[in-house]
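Shown next, in structure tokens, is the structure this report addresses.
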Amino acid sequence: MNLLINNIKQLVTVSANRRGIKAGCEMSDIGVVENSSVLIVDGKISKIAPSSKIKVNDEIFVLDAEGGIALPGFVDSHTHLIFSGSRENEFAMRAEGKTYQDIASSGGGILSTVRATREASKRELFRLGEKRLNDMLKLGTTTVEIKSGYGLSPDSEIKILEIINELKRDHFSTIVPTFLGAHAIPFEFKENPDEYVELICNYILPHISEKKMAIFCDIFCENGYFNLKQSERILSKAKEVGLKIKLHADQLSTFGATELGVSLGAISVDHLELINENGINTLSKSKTIASILPGSSFFLNHKYAPARTIIDSNIPVALATDFNPGTSMCYSMPMMMTIACTQMKMRVEEAITASTLNGAAALGLSNEVGSIEVGKNGDIIIFDVPDYKYIPYHFSNNFVKHVIKNGVLLEM
Ligand code: NIG
Ligand code: FE
């Protein structure tokens, strides 16, 4: 069945340029069309025209948007969605003054989620993933990157990637699997972390590449996690076996992670709370995208990434939730937009581009999703708000009225 969406008050197309990504002042150009309709045929956007100009026939289901606002489905380009357990105890400890690093070094942090996730069955993890993706769809997110990284052993990392791939097959959302085996040094390798690095390079990476289980390889390049040398070893191996690369960079300290990412041709460097001038200069001369994750700064009460300077340096910025149980227990893209506008002085239009087209670019998918244009997937969200600017303004409420994924109107 084909779908015609009529009576859209503002159609925010975020229409792309030839590069499929926007930088600098292009990020403010979100291509708003007033009083419009969109026709989706066989899952792809086929026509955008004033409401009266598209003829209806029996083959077309008509959805009346009732004067709502339409945006491309959000692209959440950085999540750690598959984990078991929760860490509200750490949240409470931080409220009493402990830091993320204090908690990690006293046995909490990533490794506590690793314990819970290793114990969980595949069925339980699949169910958790499915529930979270359904919630995200309700909030308007139709494309989600999902990282492994709470297994940290060959079997458990592969188990998590298998679940991500099952979700990719079975769920309505577009899913992009990322291998993050280098998320922390597992208990078993505490005394000899380089052996874990070699296990990743010699066994896990070749295996997941052969079985086509991941598109990207990511790494937590950070003091106490993986240093520059180990990061370079893993990311180079990942490239050799055919994966694209990303890094968690400059989150808790600054020692050249962004520069390493650029030199290896990373599609994105993510976090950047503590990026310095050299990092910004290096990024501005590269094709690497700056993925900014304001949820974790908000949640940990850390410094925000200098998004304003980064955008003004003509570097493309993507926004993502970083959904995970330790540093960002939130999967709402509108909430990220609110934080981006209030705390990092991003313009509303920039926040929209960063949450759609540039997120798609950070996943290598900007030919398919991230904007409302003829030929792209029919991923459209209708919001019951008076203006697109209202979406980050009225924070924490959900104004999604309809979710259309690949041309299918989902029952929410
Ligand atoms: O992106 N920084 C590394 N990884 C996550 C945190 C994971 C956790 O605390 O469980 C992040 O912030
Ligand atoms: Fe992360």
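For the chain, the Cβ-based charge dipole about the Cα centre amounts to some 500 debye (Lys, Arg positive; Asp, Glu negative; other atoms uncharged).
Simple spin-label estimate for F395 and E198 gives 4.9 nm between the two label positions (7 Å along the Cα-to-Cβ direction from each Cα). Give me the angle, in degrees from 0 to 90, between the Cα long axis of helix 154-170 and the longest principal axis of the Cα atoms of the chain, rounded to the nearest 10. Between helix and principal axis, roughly 0 degrees. When you filter the trypsin sites (Lys or Arg not before Pro) in region 1-61 for DSSP loop state and at most 16 other Cβ atoms inside 10 Å of their Cβ, you are left with R18, R19, K55.
Helix 122-138 axis versus longest C-alpha principal axis of the chain: approximately 40°, rounded to the nearest ten. Secondary structure note: in region 1-116, about 65% of the DSSP beta bridges are antiparallel. Return the single residue from A92, A23, A49 with maximal mean-square fluctuation; model: Gaussian network over the chain, springs between Cα atoms under 10 Å. Looking only at A92, A23, A49, the biggest GNM fluctuation is shown by A92.
For the chain, with all protein chains in place and a probe radius of 1.4 Å, 50% of the accessible heavy-atom surface sits on carbon or sulfur. A viscosity of 1.002 mPa s and a temperature of 20 °C, combined with the Kirkwood radius over C-alpha pairs in the Stokes-Einstein formula, give region 1-59 a diffusion coefficient of 168 µm²/s.
Taking Cα centre as origin and charging only the Cβ of basic (Lys, Arg, +1) and acidic (Asp, Glu, -1) residues, the dipole magnitude of region 84-131 rounds to 240 debye.
Run the Debye formula on the Cα coordinates of region 245-392, all scatterers equal and no solvent, and tell me log10 I(q)/I(0) at q = 0.20, 0.21, 0.22 1/Å. Computed log10 I(q)/I(0) values: -1.26, -1.37, -1.46. So for region 1-140, what percent of the C-alpha to C-alpha distances run longer than 22 Å? Distances greater than 22 Å cover 62 percent of the Cα pairs.
Among I158, H207, H171, whose Cα lies farthest out toward the positive end of the dipole of region 136-211, if unit charges sit on the beta carbon of Lys, Arg (+1) and Asp, Glu (-1)? About the Cα centre, the residue reaching furthest to the positive side is H171. One quarter of the surface of the convex hull around the alpha-carbon atoms of region 174-319 equals 9.0 nm², the direction-averaged projected area. Selection among V114, P50, V75 by position relative to the dipole of region 1-137 gives V114 as farthest towards the positive end (Cβ unit charges, Cα centre). Cα gyration tensor of the chain, axes a ≥ b ≥ c as square roots of the eigenvalues: rounded (a/c below 1.5), prolate (a/b > b/c) or oblate? Judged from the Cα gyration tensor, the chain comes out prolate (a/c at least 1.5, a/b above b/c). Over the chain, accessible surface divided per residue gives 39 Å², non-protein components excluded, 1.4 Å probe. Each peptide in 126-138, 168-180, 318-330, 367-379 was scored by the mean count of other Cβ atoms within 10 Å over its residues; highest first, the order is 318-330, 367-379, 168-180, 126-138. The mean sequence separation of alpha-carbon pairs under 8 Å and at least six residues apart, normalised by the residue count of region 238-284, gives a relative contact order of 39 percent. The C-alpha atoms of the chain define a longest principal axis, and helix 333-343 lies at about 80 degrees to it.
The values are calculated or read from the model by the stated rules, or taken from the named source; none is laboratory data. Worth saying up front: this structure is predicted, and the values here are computed from it rather than measured. A quick note on method: Cβ atoms are made from the backbone with ideal geometry, for glycine too, and the neighbour counts reach across all protein chains shown. SASA here: full protein model, heavy atoms, side chains in, ligands and nucleic acids out. Shrake-Rupley method; radii C 1.70, N 1.55, O 1.52, S 1.80 Å.
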